[in-house]
There are 2 protein chains.
Amino acid sequence: MVGGTHGNERHAPWLLEHWRADPGSLAHHGFALQLVVGNPEALAAGRRYIDCDLNRSFAPHRLADLHQQSLEVLRARELLDCHGPEGLEPALLVLDLHSTTAAMGNSLVLYGRRPCDLALAAGIQQRLGLPVYLHEADAAQSGFLVERWPCGLVIEVGPVPQGVLRAAICQQTQAALEAALAVLAAAAAGDLRLPPRLVVHRHLGSVDLPRRSDGSPAGLLHPSLEAADWRPLRPSDPVFIDRSGCPVPLGAALPPHLPAQETYWPVFINEAAYGEKGIAFSLTTRESWPVPQLWLADLASLSRRLQRGAPL
Amino acid sequence: MVGGTHGNERHAPWLLEHWRADPGSLAHHGFALQLVVGNPEALAAGRRYIDCDLNRSFAPHRLADLHQQSLEVLRARELLDCHGPEGLEPALLVLDLHSTTAAMGNSLVLYGRRPCDLALAAGIQQRLGLPVYLHEADAAQSGFLVERWPCGLVIEVGPVPQGVLRAAICQQTQAALEAALAVLAAAAAGDLRLPPRLVVHRHLGSVDLPRRSDGSPAGLLHPSLEAADWRPLRPSDPVFIDRSGCPVPLGAALPPHLPAQETYWPVFINEAAYGEKGIAFSLTTRESWPVPQLWLADLASLSRRLQRGAPL
């Protein structure tokens, strides 16, 4: 269980401290939990990161490149040395707890199509109805923490400003996490029945603000798109207003590599930390996938290993 | 006109750039405006400040103490050398444009009871109905930028997360600013009629989260107080929840120096930047003051000097 991967997202570190002080306040189903602050230096500084984004620092080539000595790459290596699948206290599964300024509600983010992750997401979606954002195939955004563990996903809750602590965001985070632990416990006990289908929002790409030649923004997000995460968006819908106040439709703002769709489902709209990444919002396509037996078998096997003592 | 006094409040710098590129986009009534980014280094870094809060760096003893060499104190001296009342391009009046994570709406903040400031606030309140927060007599919070100019106030708009740009917040900021300029133009022309009364929310003090001996928070803001800025709050109302989830009423959280009141009016509730200042929210008392003729006379005199060419 990792919180504070970004140092200005304060809810998960607050919860970690709370659960440490009072283990009975989390229904952990007997799993041996490791409660870890991802980036303690950034948390102390109240900043997302010190040198670079820790949650983009887990790409194997960066971890292996000894010229990479940023605080966050060092911390990524340390986390793997301690808690990685071949670490001193090996963990099989990681749940990385985040918050966002976007109105994502309580949601799950998966990186790629690992059967274990998909089974866990399907089980949580069945219990709580949480939307799932499947991030994959984006060369511009890689090196996420959960990718380095055999199984894992991100719990992403918002909207909440950076640096602010809200009770409701803590409660939503804990509800998603307890649902995850309940799914794992049911899988280990052989009691888990997954739903016939999983609804995923599959990442297609990201859209940046209009910019001038010097890189400064030449427009603003259109007010109708504020807090419209997970809602359908068509190419004729306005997404920006330009410097003269005119609306810019999605169709005119789409990067050429994005596949044409009648309807997109936007996520991470106006996330504060993504301005510097050139992301005003990301676009997904909403798909309903059948849940094959293999997913459940994989998760059941992993859960039994977890309950035999390999810590979560 | 100053924006970006805090580098992670992005709306005002955006507007300054917009007005510079297109002066016709601001109804400036012929006033000679100086458009100034308060803290360019912090803005570039996307942080509130680099060394210390610029908007607490204008206390005369800090400005005069040559041992004070933080980036922000140096910048405060530079702003005064350039634009202060005895600077190279002297300005008589300053409008400092801020945003907040608190649900303050579009509001005005005054520091002390200068007749000019009060007249300007009364004129804006008459036009737009904006609430006024009168900050005074708080030794823990001093050294505000606008205090070093003969007249000036803060336009404070929220809620918006740090680092996020929202069109609606830009529009509210511009509306308040244009109302201020229209009031000044009317005063200079001898056309200004002030309302008979000004409603102020007078600062009484601030309340911190419950904390442990190591300084870490031992509670959260009560959900019923989220976004309840400017709404009445009584001593029996819950303001925090403690670690075990129990509500803490305001009466049990009040610092001893705060005057007893039947009703308080809270402001800056859960402002992200105030955690480090030990402020979970501030308390005011709501008062309706008669508007004396002196206020108008002072503002009219200042406005005429402004229109004779002394830049704003």
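The values are calculated or read from the model by the stated rules, or taken from the named source; none is laboratory data. Just so it is clear, the model here is predicted, and its values are computed rather than measured. Every residue, glycine as well, gets a Cβ built from its backbone with ideal geometry; the counts of neighbours run over all protein chains shown. Accessible surface is based on the protein model in full, side chains and every heavy atom, while ligands, DNA and RNA are left aside. Shrake-Rupley method; radii C 1.70, N 1.55, O 1.52, S 1.80 Å.
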Practice problem: Kindly indicate whether any position in region B:186-205 is of a type in the set (Asp, Glu) and either free of Cβ contacts under 8 Å to residues at least 24 places away in the same chain or under 30 Å from A:ALA21 (Cα atoms) (or both). | Solution: yes
Self-check item: Within region B:230-240, considering residues that are crowded, with 18+ Cβ neighbours inside 10 Å and out of contact with any Phe, Trp or Tyr (no Cβ under 7 Å at 6 or more places or on another chain), the one nearest to A:ILE169 (Cα to Cα)
Solution: B:PHE240
Exercise. Give the residue that is farthest from the other protein chains (Cβ to nearest Cβ), with candidates limited to residues of region A:218-235 that are in a strand (DSSP E or B) and more than 22 Å from A:ALA140 (Cα to Cα).
Key: A:LEU233
Quiz item: For A:GLY215, are the conditions met, namely being within 14 Å of another protein chain (Cβ to nearest Cβ) and farther than 21 Å from B:PRO161 by Cβ?
Solution: yes
Exercise. With respect to A:TRP14, determine if the residue is more than 11 Å from chain B (Cβ to nearest Cβ), among the aromatic types (Phe, Trp, Tyr) and within 22 Å of A:ASN106 (Cα to Cα).
Key: no
Practice problem: Run down A:ALA280, A:ALA272, A:ALA297 and say which single residue is surrounded by 13 or more Cβ atoms within 10 Å (Cβ to Cβ), away from chain B (no Cβ under 14 Å) and at pLDDT 95 or above. | Solution: A:ALA297
Exercise. Give the residue that is nearest to B:LEU184 (Cα to Cα), with candidates limited to residues of region B:19-48 that are open to solvent by 50 Å² or more (accessible area, probe 1.4 Å) and either basic (Lys, Arg) or in contact with a His (Cβ under 8 Å, 6 or more places away or on another chain) (or both).
Key: B:ARG20
Quiz item: Is it fair to say A:VAL73 is among the β-branched types (Val, Ile, Thr), assigned to a helix (DSSP H, G or I) and at pLDDT 95 or above?
Solution: yes
Quiz item: Hey, any hits in region A:152-171 for a residue that's over 30 Å from B:LEU209 (Cβ atoms), away from chain B (no Cβ under 14 Å), touching a residue at least 24 places away in the same chain (Cβ under 8 Å) and surrounded by fewer than 21 Cβ atoms within 10 Å (Cβ to Cβ)?
Solution: no
Quiz prompt | Members of region A:4-46 found to be in a helix (DSSP H, G or I) and hydrophobic (A, V, I, L, M, F, W, C), listed by number | solution = A:ALA12, A:TRP14, A:LEU15, A:LEU16, A:TRP19, A:ALA21, A:ALA42, A:LEU43, A:ALA44, A:ALA45
Practice problem: Provide a single number: the residues in region A:188-220 that are open to solvent by 30 Å² or more (accessible area, probe 1.4 Å) and closer than 30 Å to A:HIS29 by Cα. | Solution: 8
Self-check item: Single residue of A:LEU95, A:LEU80 found to be under 30 Å from A:VAL160 (Cα atoms), open to solvent by less than 10 Å² (accessible area, probe 1.4 Å), touching a residue at least 60 places away in the same chain (Cβ under 8 Å) and not in a loop (DSSP other than H, G, I, E, B)
Solution: A:LEU95
Exercise. For region B:55-72, state whether one or more residues are within 19 Å of the chain's Cα centre (by Cα), open to solvent by less than 50 Å² (accessible area, probe 1.4 Å) and farther than 14 Å from B:GLY143 by Cβ.
Key: no
Quiz item: Which one is farthest from A:ALA218 (Cα to Cα) among residues in region B:21-50 that are within 12 Å of chain A (Cβ to nearest Cβ) and charged (D, E, K, R)?
Solution: B:ARG48
Self-check item: Residue satisfying condition, being away from chain A (no Cβ under 14 Å), closer than 22 Å to B:GLY215 by Cβ, of a type in the set (A, V, I, L, M) and open to solvent by less than 40 Å² (accessible area, probe 1.4 Å), within set B:LEU302, B:LEU254, B:LEU258
Solution: B:LEU258
